[in-house]
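**Q** Here it is, the structure, as structure tokens.
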Amino acid sequence: MKKYAVRNQYLRLHTKLILKLIAKGKISPRKIWNAFVCWIKYHLKITRSASFPLMISIELWNECNVNCVFCRNEKGEIFDINPLNGKSPIVKGRMSYELYCDIIDQVKDHVLVAVLYTNGEPLMYKDLIKCVQYATDHNVATIIATNGTLMTEQKARDLLNAGLDFVKIQLSGFTQETYSVQVRKGDVEKVKAGIAAFDKINREGKHNALVLVDYISYNYNKHEFPLIQAFCADKNVMLSSRR
């Protein structure tokens, strides 16, 4: 039952996001057709799904400020989970704003959404607001996932004014003791303050962006899930729970 509950939860989330993007005029018939072709070819197990992807993930900068144990070692080196690459860490690098714009120009008529993160903390990238704005100006929806420690009211205002559509904030512990099991350098109170700040500016400005708190359940933190549920209910933000 839990498997189907999680599946239905994400189906509702995706449906809600698509409806919001349609209302904002960021989804065209051409994009819908490309998504349909991708979906059909995926289920037919065709190697190449389509001429363009359904969505695109862009790593602006793979640096991070919290050094989570599941992502990096104590030196901050990024784990490479690809078994074909041996045990070497992922090389760190930063994308230029010009290259980012070139990518958006190539996919703007086809992809449903640009996901502006992979291994790094997007709020550390100095041109993030410009990147979101450029995508918005070209009718490309944007998503970021953040650890939340750098989120402030001003940062939230800038992101929302630039047209950000969806933010996912990771929170897998409600107290510092539990939170620190997974996050080496983070401050859980800053994360909670960041969630509250984004929610406040989102509601006050009627931006209608989706806000999702991402909770990964382990044996060590499951006792705090009711506290996170109450926190999200109070802030009126969505909560995703997964193992």
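Here, each number is a calculation from the coordinates, and none is a lab measurement. Given the structure is predicted, the values throughout are model-derived calculations rather than measurements. Heads up, the Cβs are rebuilt from the backbone with ideal geometry, glycines too, and the neighbour counts pull from every protein chain shown.
**Q** Explain nothing, just the number: dipole magnitude of region 193-243 about its Cα centre with +1 on each Lys and Arg Cβ and -1 on each Asp and Glu Cβ, in debye rounded to the nearest 20.
**A** Using only the charged Cβ atoms, the result is roughly 120 debye.
**Q** Taking a cut-off of 19 Å between Cα atoms, list the lysines near Lys26, but don't count ones fewer than 8 places away on the same chain.
**A** Of all the lysines, those that pass the test against Lys26 - Cα under 19 Å, at least 8 places apart if same chain - are Lys16, Lys108, Lys130, Lys206.
**Q** Rounded to whole Å, give me the distance from the Cα center of region 7-65 to that of region 94-134.
**A** Each part reduced to its Cα centre gives a spacing of 16 Å.
**Q** Can you return the aspartates and glutamates within cross-link range of Lys24? Criterion is Cα-Cα under 16 Å, with same-chain partners fewer than 8 residues away left out.
**A** Asp109, Asp137, Asp165
**Q** Determine the calculated [θ] at 222 nm for the chain from helices alone, applying -39500 (n - 2.57) to every DSSP H run no shorter than 4 residues and normalising by the residue count; nearest 500 deg cm²/dmol.
**A** Roughly -13000 deg cm²/dmol at 222 nm, from the helical runs in the chain.
**Q** Something else: Per residue of region 124-136, what does 6.51 cos²θ - 1.76 cosθ + 1.60 with θ = phi - 60° give for ³J(HN,Hα)? Whole Hz please, x for Gly and Pro, Karplus curve as stated.
**A** Result, ordered by residue: 7, 7, 5, 9, 4, 4, 4, 5, 4, 5, 5, 5, 4 Hz.
**Q** Among the aspartates and glutamates, which have Cα under 18 Å from the Cα of Lys185 when same-chain residues fewer than 8 positions away are ignored?
**A** Glu63, Glu74, Glu77, Glu121, Glu177
**Q** Would you list Thr15, Thr118, Thr146 from fewest to most Cβ contacts within 10 Å?
**A** Thr15, Thr118, Thr146
**Q** Please state the charge dipole magnitude for the chain, taken about the Cα centre, from unit charges on C-beta atoms (+1 on K and R, -1 on D and E), reported in debye and rounded to the nearest 20.
**A** 900 debye
**Q** For a quick check: sort Glu74, Glu59 by the number of other beta carbons within 10 angstrom, fewest at the front.
**A** Final ranking by Cβ density, sparse to dense: Glu74, Glu59.
**Q** Another question, then. Report, for the chain, the % of DSSP beta bridges that are antiparallel, rounded to 5. Intermediate results must be reported in sequence, preceding the final value.
**A** On the way: 4 of 24 bridges.
That works out to approximately 15 percent antiparallel.
**Q** Moving on to the next point. Restricting the calculation to Cα positions, tell me the Rg (one decimal) and the Dmax (whole number) of region 61-203 in Å.
**A** When restricted to Cα atoms, region 61-203 yields Rg and Dmax of 16.0, 47 Å.
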